[in-house]
1. Looking at the stretch 63-84, I want the residues that are within 20 Å of ALA130 (Cβ to Cβ) and have a partner that is among the small types (Gly, Ala, Ser) and not in a helix (DSSP H, G or I) with Cβ atoms under 6 Å, at least 6 apart or on another chain. Which pairs are those?
2. So, in the stretch 441-469, how many residues would count as being of a type in the set (A, V, I, L, M, F, W, C) and more than 30 Å from LEU197 (Cβ to Cβ)?
3. Do any residues in the stretch 333-349 that are among the acidic types (Asp, Glu) have Cβ atoms under 7 Å from those of residues that are in a loop (DSSP other than H, G, I, E, B), where the two are at least six apart or on different chains, and which pairs are they?
4. State yes or no: is VAL477 assigned to a loop (DSSP other than H, G, I, E, B), more than 16 Å from the chain's Cα centre (by Cα) and either surrounded by fewer than 16 Cβ atoms within 10 Å (Cβ to Cβ) or more than 16 Å from ligand 3 (Cβ to nearest atom) (or both)?
5. So which residues in the stretch 355-404 are over 26 Å from VAL465 (Cβ atoms), surrounded by 15 or more Cβ atoms within 10 Å (Cβ to Cβ) and touching a residue at least 60 places away in the same chain (Cβ under 8 Å), if there are any at all?
6. Considering only the stretch 21-36, I want to know if a residue exists there that is surrounded by 14 or more Cβ atoms within 10 Å (Cβ to Cβ), polar (S, T, N, Q), over 29 Å from GLY142 (Cβ atoms) and at pLDDT below 95.
7. Can you tell me which residue among ARG224, ARG236, ARG220, ARG249 is farther than 19 Å from GLY490 by Cβ, without any contact (Cβ under 8 Å) to a residue 40 or more places away in the chain and basic (Lys, Arg)?
8. Find the helices (runs of 4 or more DSSP H) located wholly in the stretch 296-410 whose residues include 2 or more that are within 16 Å of ligand 3 (Cβ to nearest atom), and list them.
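The values are calculated or read from the model by the stated rules, or taken from the named source; none is laboratory data. Note that the structure is a prediction, hence the values are computed from the model and not measured. Every residue, glycine as well, gets a Cβ built from its backbone with ideal geometry; the counts of neighbours run over all protein chains shown.
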Amino acid sequence: MPRLYPLDAGRDRPGRGPVGWGGFYNAGMSAHTLYAQRRARLAAQLGAGGIAIVPTAPERQRNRDSDYLYRHDSYFYYLTGFTEPNATLVITAEGESTLFCQPKDPEREIWDGIRLGPEAAPAALGVSRALSSAELAGHMPGFLENRLTVWYPFATHPGMESRVDGWLQSVRARVRYGACCPDQQRDLCTLLDEMRLVKDEHEQGIMRRAAAISARAHVRAMQRSASMLRAGQEVREYHLDAELLHEFRQHGSQYPAYGSIVAGGANACVLHYRADTALIRDGDMVLIDAGCELDGYASDITRSFPANGRFTGPQRALYELVLASQDAAVAATRAGARFVDPHEATVAVLAQGLLDLGLLDKHKVGLAQDVIANRSYFQFYMHRTGHWLGMDVHDCGSYVEPSQRGQVSERKDPLSGETIKDRPSRILQPGMVLTIEPGLYVRPAPGVPDHFHHIGIRIEDDAIVTATGCELITRGVPVAADEIEALMRG
Ligand code: GLY
Ligand code: MN
Ligand code: MN
């Protein structure tokens with residue numbers, strides 16, 4: 001059996017009301033220390049006269065008086081550990097932090113759950129002071145007066161720009177009384193994205209646990225698929241989705257980190273397919289791309305497996321090729337390498353393999369180096385090999401190396417003819433977390449051997465970059481074809 005991380009090790013959640021005030025702090029560090037350190041690091045980057053405004057996410061109506069399940073804003077959570085809605089954090093360059101949060105309201109708390117409230121917030125969260133969110137609009141002009149630069153997240157909170165403009169108008173109305181109005185507005189994401197890109201020990205600990213839960217969920221779904229088919233039962237995609245959800249919730253995950261993909265047979269070739277009702281047949285491959293969110297952090301795993309637990313020859317041949325390309329990508333992932341290196345390592349292996357398996361004809365597309373240069377592999381592999389992973393499944397952080405932004409080269413895309421400006425890819429550092437997820441998706445087309453038609457394979461693991469390589473935190477679910485078969489026999 002694969003090694004499983006102890007799921008609850010280091011988890012030290014305080015008693016909480018039905019609303020998750022106080023957040024999910026753990027790893028032996030108090031909320032004050034962890035989040036206060038982050039606020040202080042941010043404050044130090046705001047520049048003299050700077051002020052930052054960080055709203056959490058709004059509640060969203062689903063229909064009539066039902067809302068979507070609430071999910072806090074990741075930037076806001078990163079700085080507070082606070083999960084209630086209707087809250088805004090204000091930080092000054094001098095390091096003062098003010099939280100606007102929902103006031104205590106015994107009537108509303110009967111319906112929606114306990115609120116932390118402004119009186120308790122400074123002690124619980126370590127902010128300098130807290131006020132009712134009803135007072136935000138009244139206080140903001142005063143906060144902004146005599147400041148030089150106002151920072152807030154651009155293009156992430158609809159209406160935020162005009163709210164800030166409204167507050168600044170109020171400041172300008174007082175210029176004749178001697179008030180100074182900030183003359184710069186800057187995108188707070190540029191600072192927070194860089195901070196979030198490198199995960200600290202606390203974050204890595206949560207991500208390991210999230211990954212371990214998701215790995216167990218994949219194991220459970222694989223085993224269920226084979227056992228249902230062995231018992232002669234009808235297997236539909238939603239049956240396997242149910243297994244994933246069971247395992248996520250069983251171990252305390254709040255919800256899936258994204259819409260789970262459970263794709264039987266040809267559905268695996270639809271990249272954004274969702275778990276639906278399709279019948280999974282004996283002899284089909286199944287692709288599951290699913291990961292839980294735990295305490296604000298995502299995991300993201302894909303496994304492709306034969307529904308009955310036994311690969312056919314063509315399935316195994318394609319599977320082994322994708323796995324070899326993933327091995328190459330893993331070997332290319334280490335501090336000092338570029339973000340693009342794992343992708344290029346993957347493509348090199350896939351290009352040669354597509355020729356070897358007869359999916360591409362060398363008389364038409366040339367050698368592996370031509371397949372790469374002309375992107376002929378794109379017919380079967382049309383996405384990148386990874387993305388940053390963190391609080392958001394496609395996490396924030398620039399894919400360009402900031403110190404080399406100015407080095408631009410131009411090229412023509414061989415397929416679209418578009419001019420593409422390339423900038424040097426990000427240099428990996430210890431603590432960055434990324435996915436490694438090569439795939440092959442074979443749709444019927446002239447010249448494509450029939451026995452590969454409709455097979456879609458992706459293998460995705462989550463990697464923490466280390467000084468010498470990377471730590472794969474999702475290998476609680478195996479990837480070797482023989483190990484998958486052994487697991488599904490059990
Ligand atoms: N599940 C989303 C992704 O793999 O990027
Ligand atoms: Mn992914
Ligand atoms: Mn995925």
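1. HIS72/ALA57; ASP73/ALA57; TYR77/GLY296; GLY81/GLY23; PHE82/GLY23; THR83/GLY20; THR83/GLY23
2. 5
3. Cβ pairs passing all conditions: ASP341/ALA332.
4. no
5. LEU357, LEU359, GLN379, PHE380
6. Yes, the stretch 21-36 contains a residue that is surrounded by 14 or more Cβ atoms within 10 Å (Cβ to Cβ), polar (S, T, N, Q), over 29 Å from GLY142 (Cβ atoms) and at pLDDT below 95.
7. Going through ARG224, ARG236, ARG220, ARG249 in turn, just one is farther than 19 Å from GLY490 by Cβ, without any contact (Cβ under 8 Å) to a residue 40 or more places away in the chain and basic (Lys, Arg): ARG249.
8. It comes to 313-331, 340-356.
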